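Heads up, the thing below is written out as structure tokens.
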Amino acid sequence: MVSIHHLGFPRIGAQRELKFALESYWRGESERAQLLAVGARLRQQNWQRQADLDLQSVGDFSFYDQVLDASLLWGVLPARARRPGAHLLDDYFRAARGRSADLAEGVAAGQMTKWFDTNYHYIVPEFSADSEFHLQPDLYLAQVREAQQQGHRVKAVLIGPVTYLYLGRGGDAAARAALLPRLLPLYQDLLRQLQELGVAWVQMDEPALVTDLEDCWWRAYDQAYSVLPAAGPQMLLSTYFGGVGEHYQRICRWPLHGLHIDAVRAPEQVALWAAVWPKDRVLSLGVIDGRNIWRSDLSALLDRLEPIHAERGERLWLAPSCSLLHVPVDLRSESGLDPELKSWCAFAQEKLEELQILAQALRSGRAAVAAQLAAADQALAARRSSPRVHDASVAAALREMATLRQQRHSPFAARSQLQQARWPRPLYPTTTIGSFPQTEEIRAVRSLHRRGEIDTAEYTRQMQAQIAHCVAEQEKLGLDILVHGEAERNDMVEYFAEFLQGFAFSSHAWVQSYGSRCVKPPILFGDVRRPAPMTVAWAQYAQSLTDKPMKGMLTGPVTLLNWSFVRDDQPRATTCLQLALAVRAEVLDLEAAGLPIIQIDEAALREGLPLRRKDWPAYLDNAVAAFALAAHGVDDATQIHTHMCYSEFGDIMESIIAMDADVITIETARSAMQLLDAFDTLHYPNDIGPGVYDIHAPNLPSDEQIEELLRAAGRRIPADRLWVNPDCGLKTRRWPEVLPALATLVRVARRLRQEAVAQPALV
């Protein structure tokens, strides 16, 4: 009979218990034992949730991220993070965020980037030609024993050795792949220990297989999977986020016991693998979408699965397409979500229940689950026919905009002169990315207003007081271009979505972004329209408080798309252009209100890039068109900024140039300006602000650190086009951290400005 399992479950807890336990430990308010107890309790809850599955995944829980867990497991945390006699967990947190619960001097945090094309982050492993690996299995094996003692049927989860090396940095691809012979014996040792514990299956995650791989990686795969399947338990090789069908001949040669493929992202590969994968091996089909929150079409899935099940029987496994890490925990906690919309959704718990329905139908016939199938069919039909989903006026507006020229009126050089005449800026102009600390006081005021305990007038008065404080602090610091601080915004996506038709909102649908950072993506279910201004009043008030230029702050269409749970009933490109049209209306209103600078953040542009290069042009063309549409019609004297997070730009620089933002700010502090390597071979013609203050770590930057980063940037970017700013928004930091860090940033910028004036040949 068919078996069901999953690749990973959310570890933050339905009420974000892990987030609060981590932050309490880091602040020194709780002991390590308390944090470990919360972790154990969450694992127990997760295993109970999957008790009706045929196998329970163990090793998918993490206190920060699964790639950093692998670095801990294989003994390659950076030397700077390790302290003699320290607990492994504290070394681990120092690698992740620069410090743990101790108050000792911080260290440089590990570089952080996105997990393939998701909005989840991981700490990048650091390798060198001298890297040595040392197995440290105690924490991992303790979780396996923990699950076994609770009576669960364990399937151990590991990141595969090739994907782990592929995700790292230090040397080129060939140099990292060459480390495999040092790592493989440790994997073999761990697999033997798992077998001795009685573990029957190990899930080896190799999502790098769905990317465009160099030959060195294919040689590494052949080397790894010619030996690992024989080293311990039966091995399920897990691929996701794309298809691997074109590699079927090579993969079929590996002596694997099972293969998992993504049947949601790459449904076209199912028929191929059903035909070519040996019948005596397990074929696991990821048929439930692990990255979105919509209910599955169970009847349609059964139409496709029944013939495969008839052929394969017990060798057919069903699972979500990927780890459920990317979706919220439990829909039942959403008591405030509109009942009709709620009926269209499935969170992690409900996705496991969908698997159970599919399995029961395949084992006992559809009649055994007739009521459940009828309910799913009814919900899908209601969603397809709902008048809330489609708005003819939005489609008409897009057709009209398609006929208009969307580029800026003049080239950058001409625009820059007009902007300089409107508000003269110095060399090395200083600014921030937008948000300032979201204090307990700010959150309390928002909560009071949301519950109706203060009226809108009082809420506005208190938010204006917060804005006034933020503007005053920036003036004291001497920043050149100011922001209003975004006190009124709960989230850079959710805030805007609340003003836009076509979005719905949850109360508890949190997902992990990194470490203790959780986000609550809005649900984009229908056509998007902006009924009224969203930010104008706040920005206009902030500008009234200062003679310095104020930036209007907006989230761009690609980021609104990529950081939402997006409808799956029309092309994402169409939805993106609808969002761009809504953002454009706000841009024009901000300009009319007198704002000289408007920042359209596209923090998520790079993360949405398809994993295969053949799919890049369509995505990038749409992203550039959406940004151009959002800025269409602004005057040349209005300066357009954008910001991008964790982006390796070298391979998409032409598209970034095509966006034609007057100023782009990017995150570069953790990478020590390595992202600017792209500028060695490709000229970027507009202004750029490479981040010089890593806001994701609690450590304060020194004068020397910021100056070193700026001088590194200055070797690639002329001083008259170089801006000075933090890596990202400051909402997650505290004022006692932000003020001294920004003071250092301004001080260094002024020093370099004076140096440039004294030596004009350097400019």
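Laboratory data are not the source of any read-out in this text; all were calculated from the coordinates shown. Here the structure is a predicted model, which means the values were calculated and not measured. Cβ coordinates were reconstructed from backbone atoms using ideal geometry, including for glycine residues, and neighbour counts include every protein chain displayed.
A few comments on the model shown:
- Here region 325-394 is treated as an ellipsoid with the same Cα gyration tensor; its semi-axes, largest first and in whole Å, are 25, 17, 10.
- Sorted largest first, the principal axis extents computed over the alpha-carbon atoms of region 518-628 equal 49, 29, 27 Å.
- Computed over the alpha-carbon atoms, region 38-172 gives an Rg to Rh ratio of 0.99, Rh here being the Kirkwood radius from the mean inverse distance.
- Percent of alpha-carbon pairs separated by more than 11 Å within region 1-48: 69
- More than 42 angstrom apart: percent of Cα pairs within the chain: 30
- Under the Debye formula (equal points on every Cα, no solvent term), log10 I(q)/I(0) of region 199-287 at q = 0.15, 0.16, 0.18, 0.23 Å⁻¹: -0.51, -0.59, -0.75, -1.26
- Kirkwood hydrodynamic radius of region 223-365, Cα pairs, Å: 16.2
- Cross-link reach is defined here as a Cα-Cα straight distance under 12 Å, omitting same-chain residues fewer than 8 places apart; for K342 the aspartates and glutamates meeting it are D330, E334, E350.
- Counting every pair of alpha carbons in region 570-620, the share spaced more than 14 Å apart comes to 65 percent.
- Per residue convex hull volume, Cα atoms of region 612-653, in Å³: 89
- Helical runs (DSSP H, four residues minimum) scored at -39500 (n - 2.57) apiece and divided by the length of the chain put the mean residue ellipticity at 222 nm at -12500 deg cm²/dmol.
- Label-point separation in nm, E441 to A618, each point 7 Å along Cα→Cβ: 5.2
- Residues whose placed amide H lies under 5 Å from that of S238, excluding near-sequence neighbours: M204, D205, E206, H260
- Cβ-Cβ distance of A743 and S393, R₀ of 56 Å, FRET efficiency by 1/(1 + (r/R0)^6): the value works out to about 0.70.
- Relative intensity, log₁₀ I(q)/I(0), of region 55-132 from a Debye sum that treats every alpha carbon as a point, q = 0.25 Å⁻¹: -1.25
- 3J(HN,Hα) from dihedral phi, region 518-527, Karplus parametrisation 6.51/-1.76/1.60, rounded to Hz, x for glycine, proline: 10, 10, 10, x, x, 9, 8, 10, x, 4
- ³J(HN,Hα) computed for each position of region 718-724 - Karplus, 6.51 cos²θ - 1.76 cosθ + 1.60, integer Hz, glycine/proline x: x, 4, 6, 10, 9, 9, 10
- Close amide H pairs (under 5 Å, H built 1.01 Å from N) link V124 with Q111, M112, T113, residues at least 5 positions away or on another chain.
- For region 335-449, convex hull of alpha carbons as volume per residue, Å³: 306
- For a modelled paramagnetic label at A142, 7 Å from Cα along Cα-to-Cβ, the residues of region 33-63 in reach, with backbone nitrogen under 13 Å, are 33-41, 63.
- Restraint check, K476/K548; K19/K155; K155/K520; K19/K351; K279/K351, Cα-Cα greater than 21 Å: K19/K155; K155/K520; K19/K351; K279/K351
- Straight-distance crosslink candidates among lysines, where the alpha carbon sits under 17 Å from K551 and sequence neighbours closer than 8 are dropped: K731
- When DSSP beta bridges are restricted to pairs lying wholly in the chain, around 15% turn out antiparallel.
- Straightening the chain between D651 and E475 buys 59.5 nm, computed as 0.36 nm per residue apart minus the Cα-Cα spacing.
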